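Read-outs throughout are calculated quantities, based only on the coordinates presented, and are distinct from any laboratory measurement. From a predicted model like this one, the values you see are computed outputs, not experimental measurements. Virtual Cβ from ideal backbone geometry, glycine too; neighbours counted across all protein chains shown.
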Amino acid sequence: MKRLFSLAMALAITMLLMLSVSGSGGRRVVTVVLKGETVTFDTPAYIENNRTMVPLRAVAEALGLEVTWDQTSATAWLSDGSWSPSLRGRTIVVDPGHGGASTGASYGGVRESALNLSIAQALAEELRSLGASVVMTRSSDKDISLADRAAMANRLKADLFLSVHCNVSPTNPSAKGVYTAYHGGSAQSRRAAELLKNAMVSFAGVPDMGAHDRSDLAVLRLTDMPAVLLECGFMSTPEELALLLQPEHQKALAQGAAYGAALFFSPPSL
Ligand SMILES: [Zn+2]
């Protein structure tokens, strides 16, 4: 950390001393010298409104940092390479939606309740592999009231509540992708819903259907901790239903959600 700090300081000082400014179409192009070496950029650095605009990746990598870019959230993660996802010390309640007489949606002979349970079990496994203590609201085909699901998480003082569902579009027969929902009154839930959705989309390679304020959903309203409802894909689209049934796809969605949860609790930092 100290080394990085002194490198960053050296960069700042070097840049102050070495900014060589020349005209270029109204912008003033900047040369950056790091420890005596000129840093090359694919896009030139320039000065605008008295601010020096430098391509982040080139400078960060010259300082030995790792850069991870997320297009959907327009977030650049900088880390010194020592970050790895961890959920140690976290209690997470995983809630497979529906069950028993409440089958949820039903397409192609597949009940949503059964599909949710299968994906939720994959999710529990991935969360545990990152060190989380996981409690499932159900692990068999039985119905539990929405209030009881939330009460279970509240009683356990869980750190995160994740409800697993699959989506249906009555109007779009080719709808695909991951959709997450949070309670609008909770900024933390919203952050978690964005992070989990982004990671699921990127791990599973599916379309981004957004993170949405769904304060109407009882499990999100009745839980005391950050809570996210994951709509893992569209059962009403035959191609996506086939994908949702594949164990490898379920695992990719689960790995994405677990990675997103790790980012939620402890993002990489310097
Ligand atoms: Zn559902």
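Values for this structure:
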item	result
Within region 93-132, considering residues that are of a type in the set (Val, Ile, Thr) and touching a Lys or Arg at 6+ places or on another chain (Cβ under 9 Å), the one nearest to VAL228 (Cα to Cα)	VAL93
Which listed residue, of GLY89, GLY104, is touching a residue at least 24 places away in the same chain (Cβ under 8 Å), in contact with an Asp or Glu (Cβ under 9 Å, 6 or more places away or on another chain), within 12 Å of the ligand (Cβ to nearest atom) and part of a loop (DSSP other than H, G, I, E, B)	GLY104
Region 160-212: number of residues that are away from the ligand (no atom under 16 Å from the Cβ) and over 16 Å from the mean Cα position of the chain (by Cα)	9
Filter result for SER189 (of a type outside the set (Phe, Trp, Tyr) and under 22 Å from THR137 (Cβ atoms))	yes
